[in-house]
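Heads up, the thing below is written out as structure tokens.
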Amino acid sequence: MAERVAACVACHGEQGRATTEGYYPRIAGKPAGYLFNQLVNFREGRRQNTTMTYLVSNLPDSYLREIADYFSAQNPPYAPPQRLLAAPAALERGRVLATAGDASKKLPACAACHGSALTGMAPAVPGLLGLPRDYLNAQFGAWSNRVRSAAAPDCMAQITSRLSAEDLGAITAYLSAQTVPPHAAPAAPTADRAKLPLDCGSIPRGAP
């Protein structure tokens, strides 16, 4: 396995903990279903990154699942949150959107799908804490510009289309400024998919 993931840790850091560079995300401890879905998305062209596409272009699902399971089981310490120059009003707006949403804009809270602690939800929803703001901004930009997508229905594409530039900046500022709770882990899956605010093609049919 160390040989299989050597190319991964070159960018994502030892055990997938991320590096000090602002673009590469932490993949350690993410739900295995989420990691597998993203590897497939790169392979199938729903996400665009030359290096990732090259690495996974000829790998079968079984191989990708083993890589996803490996990084999902890793739990290295999180780095301290980024120190940002963000206005208090922007951070408060980000907190509201992340924890409560904005019904007037049909924006559900991030926590409704990503877990009340924003540390993800099994089997396939990632945590949002401990990620660099540059990475978060880049992913919203990719959805907005349609260079990132997911299996239909693509719930994040819907959400991104409803976000103003100011709200997007507020969310990423708030998320990247938060300290990751001790022993952070993805929440258990919701018992009723109908309780999720949006149908999500990344959650397998038949999953809770």
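Computed from the coordinates by the stated procedures, all read-outs in this text should not be read as laboratory data. Model, not experiment: these values are computed from the prediction. Here Cβ is always computed from backbone atoms with ideal geometry, including for glycine, and neighbour counts include all displayed protein chains.
Here are a few things to note about the model shown:
- If R0 equals 22 Å, the separation of the Cβ atoms of Ala151 and Thr53 corresponds to a calculated FRET efficiency of about 0.80.
- Selection of trypsin sites (Lys or Arg not before Pro), segment 140-183, meeting DSSP coil and at most 13 other Cβ within 10 Å: Arg146, Arg162
- Cβ-derived FRET efficiency at R0 30 Å, Ser104 paired with Asp134, nearest 0.05: 0.55
- Gained length - Ala165 relative to Tyr63, 0.36 nm times residue gap less alpha-carbon distance: 32.9 nm
- Among the trypsin sites (Lys or Arg not before Pro) in segment 80-116, those located in a DSSP loop and surrounded by at most 11 other Cβ atoms within 10 Å of their own Cβ are Arg83.
- Simple label model, 7 Å out from Cα along Cβ direction - Arg83 to Met1, nm: 3.7
- Size descriptors for segment 69-208: radius of gyration and Dmax over Cα atoms are 14.8, 44 Å.
- Cα Rg, Dmax (largest Cα-Cα span) when computed across segment 19-78, Å: 11.7, 32
- 222 nm mean residue ellipticity, helices alone, for the chain (DSSP H n ≥ 4; -39,500 (n - 2.57); rounded to 500): -12000 deg cm²/dmol
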